[in-house]
Amino acid sequence: MHSVLPHGDGDGWTHCAQGHKHWGRFGAAGLLLWHGDRILLQHRALWSHHGGTWGLLGGARQRAETAEQAAQREAAEEAGLVPDAYAVTGCYVDDHGGWSYTTVVGRAARELVLAGLTGETLEVRWVRADRLAELPLHPGFAATWDAVRDIA
């Protein structure tokens, strides 16, 4: 079985004011990357929190990081995505009270060929936005999809 070992000061479990358990002592962030009508998704490893679901490349924020920096770092670590391959166009904060997840939205000029680089990822794939309902989505991503899909 895989385990997640803390790598930075933000790695670790915490609870929000709503009583939910979350990964990321200082919150978390992920990258919603668009190319045309497709978005880049990560198929999460079975051993991970909400394993087997599809969601965004992302993870825990470190104390000194902005949400944009955290999303960029996580996308680079998990799939080799370099920040100059896309432009950030907006963000959405899902605030749970004492903990938040920021979806950083970006647009890629071309459909990049990427692969999962860590044990946290089963697959990285471009998916047409109108086909998301066919996938088992990470519950947090599914809950915010209506709010984040129109951010350009």
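Centre-to-centre, using Cα atoms only, region 99-152 and region 33-66 are separated by 6 Å. In order along region 37-43, phi translates into HN-Hα couplings of 9, 10, 10, 8, 10, 10, 8 Hz, rounded to whole numbers, per the Karplus curve 6.51 cos²θ - 1.76 cosθ + 1.60 with θ = phi - 60° and x for Gly and Pro.
Axis angle, to the nearest 10 degrees, between helix 67-79 and the longest C-alpha principal axis of the chain: 70 degrees.
When only C-alpha pairs under 8 Å and at least 6 residues apart count, what is the relative contact order of the chain, in percent? Intermediate values should be presented prior to the final figure.
Numbers: 320 pairs, mean separation 42.2, N = 152.
28 percent.
Hey, what D do you get for region 83-152 in µm²/s if you plug the Kirkwood alpha-carbon radius into Stokes-Einstein at 4 °C and 1.567 mPa s?
D = 92 µm²/s.
Once backbone amide H atoms are built at 1.01 Å from N, GLY52 has ARG44, ALA45, LEU46 as its partners under 5 Å, excluding neighbours fewer than 5 places away on the same chain.
Once the Cα atoms of helix 139-148 and of the chain are each reduced to a long axis, what angle between those two axes, in degrees from 0 to 90 to the nearest 10, is obtained? Its long axis makes an angle of about 50 degrees. Between LEU117 and ALA79, the built amide H atoms are under 5 Å apart, and every one of these is 5 or more places off in sequence or on another chain.
Given contacts defined as C-alpha pairs under 8 Å and at least six residues apart, what's the relative contact order of region 41-81, whole-number percent?
Worked out over region 41-81, it gives 29 percent.
When only the Cβ of Lys, Arg, Asp and Glu is charged (+1, +1, -1, -1), the dipole of the chain relative to its Cα centre reaches about 100 debye. Couplings for region 87-93, taken from phi via the Karplus curve 6.51 cos²θ - 1.76 cosθ + 1.60 with θ = phi - 60°, read 10, 6, 10, x, 7, 9, 10 Hz in order; Gly and Pro are left as x.
Rounded to the nearest 500, the 222 nm mean residue ellipticity of the chain from helices alone is -4500 deg cm²/dmol, with -39,500 (n - 2.57) taken per DSSP H run of at least 4 residues.
Taken over the C-alpha atoms, the chain has Rg and Dmax values of 14.2, 41 angstrom.
Database remark: amide H of HIS96 closer than 5 angstrom to the amide H of TYR101 (H placed geometrically; neighbours at sequence offset of 5 or more, or on other chains; Pro and chain starts carry no H). Within region 1-82, all pairs of alpha-carbon atoms sorted by distance into 5 Å bins from zero give the percentages 3, 15, 21, 27, 21, 9, 4, 1.
Using θ = phi - 60° in the Karplus curve 6.51 cos²θ - 1.76 cosθ + 1.60, the 3J(HN,Hα) couplings for region 57-64 round to 5, x, x, 5, 7, 8, 3, 8 Hz; x is entered for Gly and Pro.
Within the chain, antiparallel bridges make up roughly 75 percent of the DSSP beta bridges whose residues both belong there.
Laboratory data are not the source of any read-out in this text; all were calculated from the coordinates shown. Predicted model, so just to flag it, every value in this text is computed and none were measured. When we count neighbours, we look across all protein chains shown, and the Cβ atoms used for this are built from the backbone with ideal geometry, even at glycine.
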